[in-house]
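Just so it is clear, none of the values below were taken in a lab; they were calculated from the coordinates. Please read these numbers as outputs of a predicted model, since none were measured by experiment. So basically every Cβ, Gly included, is an ideal-geometry build from the backbone, and we count neighbours across all protein chains shown.
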Amino acid sequence: MQNDDKFPDGMIPLGAETFHFSCHSGVKCFTSCCKNVDMFLFPYDIIRLKNRLGLNSELFMRRYTRLSTGSHPYFPAVMLKLNDNPERSCPFLTEIGCSVYADRPSACRTYPLERAVDRTSDCGSHPDYYFLTHHTYCLGHHEKPSYTPLQWIREQQLQDYNVQNDRWAELDTIFLTNPWKGEGSGGPRQQIAFMVCYNVDEFRVFVALNHIFEQFQISKKQKKHIESDDVALLQFGFEWLKFFLGANSSLQQR
């Protein structure tokens, strides 16, 4: 993605342009976007939500998610499991709005924007672009507040989500190469990868039982932080997975 003619369906990125939007209980369509929606959940989303609800990763996954085909056939996607009611509402939706608002998934935070990252760029970092969605049911576009994409990112506290989702996307690009080879879908290596990405609590036990830290150059301070912090453990897990799958990793063996 480098020129406007390379964006899908003629979509034009906003750049620094402003857009109008606000979502609150006074808008007639309030919570409409929380129903009948297919939402992907990423590893960082899972951590934020399961900690918010006081659940371990496995219980959260069983209760609130389902597996689906992702952007490629070599690794499954995780999607939010909606309520089994006529509206197919979000399980976290209440009569007064979102019950997990402070830890809502990145897709909810980004709306009404959509984010795309140019991973073909030769520069050191991958530039990102934001596009404005156009759902006819959404009346929030007629509200007065205006934002640039950067202002929206700051207000919705998307920075951490974007950083972690970019790390996940980098790992998923490795999965796209089918590193499982003869094992096929659901083989032992893919099951380990799925555990690392979506069951950080089980991965913590796996690390301890297999003495993973002792195999790499990790300081006591780093080890303590990784052991106690889910996000730090997820980041370590991503780098360990790269090493495990024979890709470039920042980890240094002892």
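Things to note:
- Per the Debye formula on identical point scatterers at the alpha carbon atoms of the stretch 181-244, with no solvent, log10 I(q)/I(0) at q = 0.12, 0.14, 0.15 Å⁻¹ is -0.29, -0.40, -0.45.
- Between Arg66 and Glu155, the FRET efficiency estimated from the beta carbon spacing at R0 = 35 angstrom works out to 0.70.
- The HN-Hα couplings worked out from phi for the stretch 132-148 by the Karplus form 6.51 cos²θ - 1.76 cosθ + 1.60 (θ = phi - 60°) are 8, 7, 9, 9, 4, 6, 7, 9, x, 5, 8, 6, 6, x, 10, 9, 8 Hz, whole numbers, x standing for Gly and Pro.
- Residues in the stretch 150-173 reached by a label modelled at His126 [backbone nitrogen below 18 Å; 7 Å Cα→Cβ]: 159-173
- Extension gain for Glu227-Thr177 works out to 15.0 nm (0.36 nm per residue, less the C-alpha to C-alpha distance).
- Cβ crowding within 10 Å averaged over residues, with 107-115, 188-196 ranked highest first: 107-115, 188-196
- Across the chain, Cα pairs under 8 Å and at least six residues apart give a relative contact order of 24 percent.
- Entry note, the chain: the mean residue ellipticity at 222 nm calculated from DSSP H runs of n ≥ 4, each adding -39500 (n - 2.57), is -11000 deg cm²/dmol after division by the residues and rounding to the nearest 500.
- Average projection area in nm² (convex hull over Cα atoms of the chain, one quarter of hull surface): 15.8 nm²
- In terms of other Cβ atoms within 10 Å, Asp84, Asp230, Asp128 run from fewest to most in the order Asp84, Asp128, Asp230.
- Extension gain, Lys220 to Leu251: 0.36 nm times the residue separation minus the Cα-Cα distance gives 9.7 nm.
- Sites Asp84 and Ser146 - FRET efficiency at Förster radius 51 Å, r taken between beta-carbons, to 0.05: 0.85
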